[in-house]
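Written out below as structure tokens is the structure these notes cover.
The values are calculated or read from the model by the stated rules, or taken from the named source; none is laboratory data. A quick note: this is a predicted structure, and the numbers were derived from the prediction, not measured. Positions of Cβ are generated from backbone atoms using ideal geometry, with glycine treated the same way; all protein chains shown enter the neighbour counts. We work out accessible area using only protein heavy atoms, side chains counted, and drop any ligands, DNA or RNA first. Shrake-Rupley method; radii C 1.70, N 1.55, O 1.52, S 1.80 Å.
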Amino acid sequence: MLAWVYEAARACPQLDRVVIATDSEEVAELCQRNHWPIELTSPDLRSGTDRVHAVAQQIPADIYVNIQGDEPLLKPEHLTALLRPFAQPHVEVSTLKVLCTPENIANPNAVKVVTAADGRALYFSRATIPYDRDARNIAPPQYWKHIGLYAYRKATLQRFPTLPPSALEQTERLEQLRFLENGIDIHVAPTDFDTIGVDTEEDLNRVEALLRR
């Protein structure tokens with residue numbers, strides 16, 4: 001699974017460097033056997049953003065990309081879309097969304113996102129948002145699934161660990177809500193390519209079936 005993610009990231013021409021950050025000795029040994037660049041981080045880090053921040057102290061860059069190791073269906077097109085908003089100088093953080101499949105609308109492992117007209121995230125939730133109060137049969141709401149890839153400008157990434165974990169972040173178990181609760185906009189770029197984040201054994205079986213095709 002990690003090999004698929006690493007190779008997809010390397011295939012993205014916008015990335016100057018790809019590094020695997022982990023606190024796992026098992027993952028570190030795998031990387032060393034395959035000659036993949038690695039940065040060991042503290043096991044006390046609570047989130048992927050904290051881990052990227054730790055690596056950023058060793059590797060200088062203007063923009064950092066957080067690629068989850070449990071996204072084996074990652075494509076270079078995802079990263080192209082993720083980085084596109086940074087053409088606008090006011091963008092500090094970006095992430096992705098894809099139209100939600102019917103089976104994922106009520107699935108708490110598939111995080112939903114609602115955005116403003118200009119693409120800024122209004123909220124992320126494991127619940128079904130927006131809530132269709134009247135259950136209309138005509139023109140039902142569009143549901144968007146969040147894909148857990150992020151890109152950050154350096155100054156914003158440096159600020160993240162100085163902010164205490166927020167109430168909404170702890171309730172939903174979603175680290176990106178810390179940005180929103182502290183007034184930091186997240187710009188959400190659409191993509192046509194869905195992914196399957198491997199959170200359960202069922203997810204793993206679905207991914208294996210797709211990758212064997």
Q | For region 147-213, alpha-carbon Rg and Dmax in angstrom | A | 15.7, 45
Q | region 74-213: equivalent-ellipsoid semi-axes (sqrt of 5 x gyration tensor eigenvalues, Cα, Å) | A | 24, 20, 16
Q. Top mean-square fluctuation among LEU45, LEU163, LEU180, Gaussian network model of the chain, C-alpha springs under 10 Å?
A. LEU163
Q: Ignoring everything but the protein chains, give the 1.4 Å probe accessible area of SER166 in square angstrom, nearest 10.
A: 10
Q | Cα gyration tensor category, rounded, prolate or oblate, for region 1-61 with a/c compared to 1.5 | A | oblate
Q) Taking a ≥ b ≥ c as the square roots of the eigenvalues of the Cα gyration tensor of region 1-131, is the shape rounded (a/c under 1.5), prolate (a/b larger than b/c) or oblate? A) prolate
Q: Considering only LYS154, LYS97, LYS112, give the residue with the highest GNM mean-square fluctuation for the chain, with springs between Cα atoms whenever their separation is below 10 Å.
A: LYS154
Q) When only C-alpha pairs under 8 Å and at least 6 residues apart count, what is the relative contact order of the chain, in percent? A) 24
Q: Mind checking region 96-146 for chymotrypsin sites (Phe, Trp or Tyr not before Pro) that DSSP puts in a loop (not H, G, I, E or B) and that have at most 11 other Cβ atoms within 10 Å?
A: TYR131
Q: Might you report the magnitude of the Cβ-based charge dipole of region 65-213 about its Cα centre, with Lys and Arg at +1 and Asp and Glu at -1, to the nearest 20 debye?
A: 360
